[in-house]
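Below is one structure, written out as structure tokens; the observations come after it.
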Amino acid sequence: MTTFEPLVFSGIQPTGNLHLGNYLGALARFVPLQDAFNCVYCVVDLHAITVAQDPVELTGAIREVTAAYLAAGIDPRAHIVFNQSQVHAHAEMGWLLNCVARMGWLNRMTQFKEKAGKDKENASVGLFTYPTLMAADILVYRATHVPVGEDQKQHLELTRDIAAKFNNDYAARIDGLGFGTEYLPQPEPLIQGPATRIMSLRDGSKKMSKSDPSDYSRINLIDDADTIALKIRKAKTDPEGLPGELKGLEGRPEADNLVGIYAALADRTKQSVLDEFGGQQFSAFKPALADLAVEKLAPIAGEMRRLKADPGYIDAVLADGAGRAAAIADPVVATMKEILGLLSTRR
Ligand code: TYM
């Protein structure tokens, strides 16, 4: 067994508004990992262009996601914050891994089926191979831990399969170059806590998402306090009060979702939220949830606005991050090429 330097990698697409699901499922969980790991956090713009984007809005969204990373508390000096397309190694590693991944594996990806919808013939080829680029993002840093929401689990499993197939197919070369039995790690998905799958505020059976046509379905990171309170007041619930035990949330997806959101925002377990609010009506719980959401999100929104007003600073952070990311990723691509028998471009 090869041992790999622990490294965290994750990414967020610059598409539409960042919402509470992105915050609780990903961003908020990226922050504490900085204490225990070296972390690399990416704005994945090459993934964004797998579907149509307005170029002007895309540029703004790249800066906005960067601002969200910084506003949430990620330190771009101690760790790396960068934009995917500014580091060539991602596209190059993506191609190498396209030649490892199997059609059958990609055909099973549920997110492609959801995103392509009925008109599969008209989807971009990039949307189909999206998961191999995601595997490349992770493996080009030989990252060992990947914090994501539940919806990315299948892509992480594919990443592990791709790494295993590469290691297996080229075992003799990998050994010959002195890497032992494996060159690529099996990255571990970090999908933990009460907020791995935040649901729509309008329909507890649907994931909270950037693409939902109803803005009332989600809380955007940049919503003001009144909007947050209004959306929580209007959130769908059932007529019963809150139960005292977790079992009482079964079959009540909307109630379960709101309790999960409270727990994640307060950094508590769902049971501890029920210990406090069990027996109360939503008319009492919703204002408490709104107050908590505003308390946690308003400072982030304020800082994002301040940072967005200074695009020069954001671009400088990204340029610095890209240089440091490339310093890790370029030698990995060079070694991958050597393993594959391609002529080295190592400088
Ligand atoms: P994206 O941009 O759709 O979402 C960014 C992160 O937010 C999480 N998330 C949620 N978590 C909980 N509840 C929700 N309703 C919710 N909606 C989104 C996602 O799970 C994700 O962690 N393919 C990825 C981006 C990516 C990536 C990577 C991630 C590209 N390369 C490499 C990790 C490692 C995506 O589209 O995330």
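The values are calculated or read from the model by the stated rules, or taken from the named source; none is laboratory data. Values in this document were obtained by computation on a predicted structure and should not be read as measured data. When we count neighbours, we look across all protein chains shown, and the Cβ atoms used for this are built from the backbone with ideal geometry, even at glycine. Accessible surface is based on the protein model in full, side chains and every heavy atom, while ligands, DNA and RNA are left aside. Shrake-Rupley method; radii C 1.70, N 1.55, O 1.52, S 1.80 Å.
Here are some notes:
- On the beta carbon distance between residue 271 and residue 77, with R0 = 25 Å, the FRET formula returns roughly 0.05.
- FRET efficiency for the pair residue 211 and residue 291, taken as 1/(1 + (r/R0)^6) with r the Cβ-Cβ distance and R0 = 30 Å, rounds to 0.55.
- Approximating the spin labels as points 7 Å out from Cα along Cα→Cβ, the residue 245-to-residue 342 distance works out to 5.8 nm.
- Taking the average, over residues, of other Cβ atoms within 10 Å as the packing measure, peptides 307-318, 106-117 rank 307-318, 106-117 from highest down.
- Most fluctuating residue given options 250, 157, 64, as computed from a GNM of the chain linking Cα atoms under 10 Å: 250
- Here the label points at residue 165 and residue 316, each 7 Å from Cα along the C-beta direction, are separated by 4.5 nm in the simple model.
- Comparing mean-square fluctuations of 58, 230, 156 from a GNM of the chain with C-alpha springs under 10 Å, the top value falls on 230.
- Against the rule of thumb 2.2 N^0.38 Å, how large the Cα Rg of the range 1-157 comes out: 1.03
- Cα centroid of the range 267-290 to Cα centroid of the range 160-178, whole Å: 50
- With coordinates expressed along the principal axes, the C-alpha atoms belonging to the chain extend over 67, 44, 44 Å, beginning with the largest.
- Placing dummy labels 7 Å off each Cα toward the beta-carbon, the span from residue 59 to residue 306 is 2.6 nm.
- Listed peptides 32-39, 13-20 appear in the order 13-20, 32-39 once ranked by packing, highest mean of other Cβ atoms within 10 Å at the front.
- Gyration tensor (alpha-carbon) shape descriptor, the range 174-312, a/c threshold 1.5: oblate
- Exceeding the 25 Å Cα-Cα cut-off - candidates 113/296; 115/286; 206/286; 207/234: 113/296; 115/286
- Note on the chain: helix-only mean residue ellipticity at 222 nm, from DSSP H runs of 4+ residues weighted -39500 (n - 2.57) and normalised by residue number, equals -16000 deg cm²/dmol.
- Volume per residue for the range 33-94 equals 99 cubic angstrom (convex hull of Cα atoms).
- Percent RCO, i.e. relative contact order, over the range 259-333, from Cα pairs under 8 Å lying at least 6 residues apart: 21
- Accessible surface area normalised per residue over the range 215-307 is 47 Å², counting heavy atoms of protein chains with a 1.4 Å rolling probe.
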